[in-house]
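The values are calculated or read from the model by the stated rules, or taken from the named source; none is laboratory data. Here the structure is a predicted model, which means the values were calculated and not measured. Here Cβ is always computed from backbone atoms with ideal geometry, including for glycine, and neighbour counts include all displayed protein chains. Quick note on the areas: whole protein, heavy atoms, side chains included, nothing else; ligands and nucleic acids left out. Shrake-Rupley method; radii C 1.70, N 1.55, O 1.52, S 1.80 Å.
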Amino acid sequence: MADHHLTEHHGPTERHGVDRPLGMLAELTYRCPLHCGYCSNPVELAAYRAELTTEQWCAAITRARALGVLQLHLSGGEPLVRGDLVELVACGAQAGCYVNLVTSGLGLTRARMAALAEAGLAHVQLSVQDGTPESADRIAGTRAFHRKLAAAELVRAHQLPLTVNAVLHRGNADHVDRIAELAARLGAERLELAHTQYYGWALRNRAALLPTPAQVALAAEQVARARQRWGGVMDIVHVVADYYESQPKPCMNGWGRRQFTVAPNGDVLPCPAAAQIPGLGIENVTRRDLADIWWSGPAFERFRGTDWMRDPCRGCVRRDVDFGGCRCQAFQLLGDAAATDPVCQLSPHHDLVRQLLAPATQPAIQPLPRPSR
Ligand code: SF4
Ligand code: FES
């Protein structure tokens, strides 16, 4: 592995009220063999074709650990597309991170799994699209289902903890029973059932992806049933359908508070969708030290804490609970990233979200498949 010539960091010191980050989401590439219409990667993939090199990623990971990061999530796109994934896992593990691979499972051969485990991989999060092959492969836009079963088997053969993740939408939100059954069969210790978050490609496909009100209710019932049935063997997490809620999600657990994302080109972001917000002053890990970006970068400072808030968030008792919701959603729906997330019932624009749900009561349409690169 390359020598990164690390030097001691003498940048800005920790500031009162800002903690060290716990997690780094390394989006190694946006290339992906799947074509899921719910993908939250950016629509403009061309801007990210120039990916960081192995040495640059490893330097960023080592810097992140020195900054305090404990959990390293290697994600994408599909991280297995990168030929240097084993090296990057080794880099994270040697630095002292808990290394989690977020993958579709496509490209996980027996030899690769052995090498990843040997390199110090600690956990695998495997996506599934549905509980049956026909539906799952239709959603993925490719024959993926059986390859995922094989990938899960390899993970379990190496005794690595496995999380199964399924994104819920119009095409599968009423199939939670069979998704949970599949996850249990795969030996998952954790199952994440997450309604689609409308960013990137998924935002473009929102009208096709929004679940019906009946599906949302049924999904919640099925989650409760799954917890009764499988709760002893799997931890089951349910991320609710945001647009149907009256209180917003505490997005990222607060902007610039716990974690950051590094995009394939090295841009350092407070959240995976932040690149769409104009004028944030996003910086790149190849041009400024990661610690400096975290402690004082303009993109991180912009929505940290509560000083940036306006009414109704400014005087609200929940402002330290949900942090005003999601900045990216406020920007997407209102063109103003400093506005209260309109999912909040106290937002003067809450009706807009209700109106956006209209397609959910119309006949289903097919989402556009996400391009592979
Ligand atoms: Fe959260 Fe702001 Fe709504 Fe209060 S007004 S609940 S802080 S989004
Ligand atoms: Fe960017 Fe919520 S996704 S703040």
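Highest mobility in the GNM of the chain, judged by mean-square fluctuation with C-alpha springs under 10 Å and restricted to 90, 337, 111, is found for 111.
For residue 174, what charge total do you get from the other residues with a beta carbon under 12 Å from its beta carbon, if Lys and Arg give +1 and Asp and Glu give -1? The partial results should precede the final answer.
On the way: positive: 170, 178; negative: 130, 177, 221.
Net charge around residue 174: -1.
The Rg/Rh ratio of the chain, with both radii computed over alpha carbons and Rh defined as the Kirkwood radius, is 0.95. Normalising the average separation of contacting C-alpha pairs (under 8 angstrom, six or more residues apart) by the number of residues puts the relative contact order of the chain at 20 percent.
Annotation: per residue accessible area for the stretch 173-235 equals 43 Å², rounded to a whole number [probe 1.4 Å, protein chains only]. Placing dummy labels 7 Å off each Cα toward the beta-carbon, the span from residue 336 to residue 94 is 5.1 nm. Of the residues 216, 233, 164, the one that moves most in a GNM of the chain with alpha-carbon contacts below 10 Å is 233.
What is the percent carbon and sulfur in the accessible area of the chain, measuring with a 1.4 Å probe over the protein chains and ignoring ligands?
On the way: 8230 of 16090 Å².
Ligands and nucleic acids excluded, carbon and sulfur give 51 percent.
The H on the amide N of residue 192, modeled in the peptide plane, is under 5 Å from the matching H of 164, 165, 166, 237, each at least 5 residues off or on a different chain.
Run the numbers on the stretch 116-231 and let me know its relative contact order in percent, using alpha-carbon pairs under 8 Å that are six or more apart. Could you put the intermediate results ahead of the total?
Working: 146 pairs, mean separation 30.6, N = 116.
Relative contact order here is 26 percent.
In this label model, residue 109 and residue 159 are separated by 2.6 nm, measuring between points 7 Å along each Cα→Cβ vector. Principal axis extents of the Cα atoms in the stretch 71-169, from largest to smallest and rounded to whole angstrom, are 41, 25, 23.
Other residues within the sphere of radius under 11 Å centred on the Cβ of residue 84, judged by their own Cβ, net out at -2 (K and R +1, D and E -1). On full extension, the segment bounded by residue 284 and residue 296 gains 3.0 nm, given 0.36 nm per residue less the C-alpha separation. Subtracting the Cα-Cα distance of residue 276 and residue 229 from 0.36 nm times their residue separation leaves 12.8 nm of extension gain.
With the simple spin-label model, which puts each label point 7 Å out from Cα in the Cβ direction, the residue 356 to residue 314 separation comes to 2.5 nm. Computed over the chain, the per-residue total of -39500 (n - 2.57) for DSSP H runs of n ≥ 4 gives a 222 nm mean residue ellipticity of -9500 deg cm²/dmol, rounded to 500. Based on Cα atoms of the stretch 144-224, Rg over Rh with Rh as the Kirkwood radius reads 1.03. Directionally averaged projected area (the stretch 263-373, Cα convex hull): 9.2 nm².
Let me check against my output: what whole-number percent is the relative contact order of the stretch 187-325, with C-alpha pairs under 8 Å and at least 6 apart? Relative contact order, the stretch 187-325: 23 percent. When the chain is treated as a Gaussian network with alpha carbon springs shorter than 10 Å, the biggest mean-square fluctuation among 102, 321, 343 belongs to 321. Between the stretch 14-58 and the stretch 236-276, how far is it from one alpha carbon centroid to the other, in angstrom? Using only Cα atoms, the two centres lie 12 Å from each other. Other residues within the sphere of radius under 10 Å centred on the Cβ of residue 215, judged by their own Cβ, net out at 0 (K and R +1, D and E -1). For the stretch 85-146, the per residue solvent-accessible surface stands at 37 Å², with DNA, RNA and ligands left out and a 1.4 Å probe.
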